[in-house]
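Here is the structure we will look at.
The values are calculated or read from the model by the stated rules, or taken from the named source; none is laboratory data. Quantities reported herein were computed from a predicted structural model and do not represent experimental measurements. Cβ: placed from backbone, ideal geometry, glycine included. Neighbour counts: every protein chain shown. Heads up: the accessible areas ignore ligands, DNA and RNA and are worked out on the full protein's heavy atoms, side chains in. Shrake-Rupley method; radii C 1.70, N 1.55, O 1.52, S 1.80 Å.
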Amino acid sequence: LKAAALFAQAPEEDLAEIAPFLASIYLDPEEALIREGEIGDELYIVVSGKLKVERRGEDVTEIDEGGVVGDLAALDPEPRTATVTAAGPAHVLALSNDHLLALFESNVELSAGVIQSLVRRLRQADRY
């Protein structure tokens, strides 16, 4: 989890609290993890492999190991803004909105670290 940018600022002991709430998902090549327009409430951390991100049918980016997708939906469940598929065999960990918010309530340091990471990502996106 420490390799995931979203949790990079979180202390190791805080990350141990997250582990029981994570679900492992194994994806086949070209298998969709997220579909644009669908309501979602989970974030996904890429453990191995690579994910492709498309918006309105156009390639946007690729997410490598340690990357996170769906983080905004995990905080505010809304329709997904992109489709995410596996570029090849991939393994991701899923964390739901309910579990993430429960962790935030019990751990201020963890929530502060996640918020800092999201703000950095939004600032970078705003530059482009």
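Screening Ala94 against (1) open to solvent by less than 10 Å² (accessible area, probe 1.4 Å); (2) in contact with a helix residue (DSSP H, G or I) (Cβ under 7 Å, 6 or more places away or on another chain) leaves a single unmet condition, (2).
A quick yes/no check of all residues on (1) among the basic types (Lys, Arg); (2) under 24 Å from Leu110 (Cβ atoms):
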site	(1), (2)
Ile34	no, yes
Glu42	no, yes
Gly49	no, no
Val53	no, no
Asp59	no, no
Val68	no, yes
Arg80	yes, no
Ala87	no, no
Leu93	no, yes
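Of all the listed residues (Val68, Val84, Val108), the sole one being among the aliphatic types (A, V, I, L, M), surrounded by 17 or more Cβ atoms within 10 Å (Cβ to Cβ) and under 19 Å from Leu1 (Cα atoms) is Val68. All conditions but one from (1) more than 20 Å from Arg121 (Cα to Cα); (2) free of Cβ contacts under 8 Å to residues at least 40 places away in the same chain; (3) open to solvent by less than 50 Å² (accessible area, probe 1.4 Å) apply to Asp14; the one that does not is (2). Scanning the stretch 87-128 for residues that are aliphatic (A, V, I, L, M), assigned to a helix (DSSP H, G or I) and touching a strand residue (DSSP E or B) at 6+ places or on another chain (Cβ under 9 Å) yields Leu100, Leu103.
Checking each residue in the stretch 17-30 for being surrounded by 12 or more Cβ atoms within 10 Å (Cβ to Cβ) and farther than 16 Å from Gly67 by Cβ picks out Glu17, Ile18, Phe21, Ala23, Tyr26.
On the basis of being touching a helix residue (DSSP H, G or I) at 6+ places or on another chain (Cβ under 9 Å) and not β-branched (Val, Ile, Thr), does Ala86 make the cut?
Working: touching a helix residue (DSSP H, G or I) at 6+ places or on another chain (Cβ under 9 Å): no; not β-branched (Val, Ile, Thr): yes.
No, not satisfied.
With respect to Glu54, is the statement that it is among the acidic types (Asp, Glu), farther than 15 Å from Ile18 by Cβ and open to solvent by 70 Å² or more (accessible area, probe 1.4 Å) true? Can you show your working first?
Numbers: among the acidic types (Asp, Glu): yes; farther than 15 Å from Ile18 by Cβ: yes; open to solvent by 70 Å² or more (accessible area, probe 1.4 Å): no.
For Glu54, the condition - among the acidic types (Asp, Glu), farther than 15 Å from Ile18 by Cβ and open to solvent by 70 Å² or more (accessible area, probe 1.4 Å) - is not met.
Would a scan of the stretch 31-40 turn up a residue that is at pLDDT below 90 and surrounded by 12 or more Cβ atoms within 10 Å (Cβ to Cβ)? Scanning the stretch 31-40, I find at least one residue that is at pLDDT below 90 and surrounded by 12 or more Cβ atoms within 10 Å (Cβ to Cβ), so the answer is yes.
Scanning the stretch 71-81 for residues that are over 16 Å from Leu122 (Cβ atoms) and assigned to a loop (DSSP other than H, G, I, E, B), which turns out most open to solvent (accessible area, probe 1.4 Å)? Working first, answer last.
Taking the stretch 71-81 and keeping what is over 16 Å from Leu122 (Cβ atoms), we get 77, 79-80.
So of that shortlist, the ones also assigned to a loop (DSSP other than H, G, I, E, B) come out as 77, 80.
Values: Pro77: 58, Arg80: 28 Å².
Result: Pro77.
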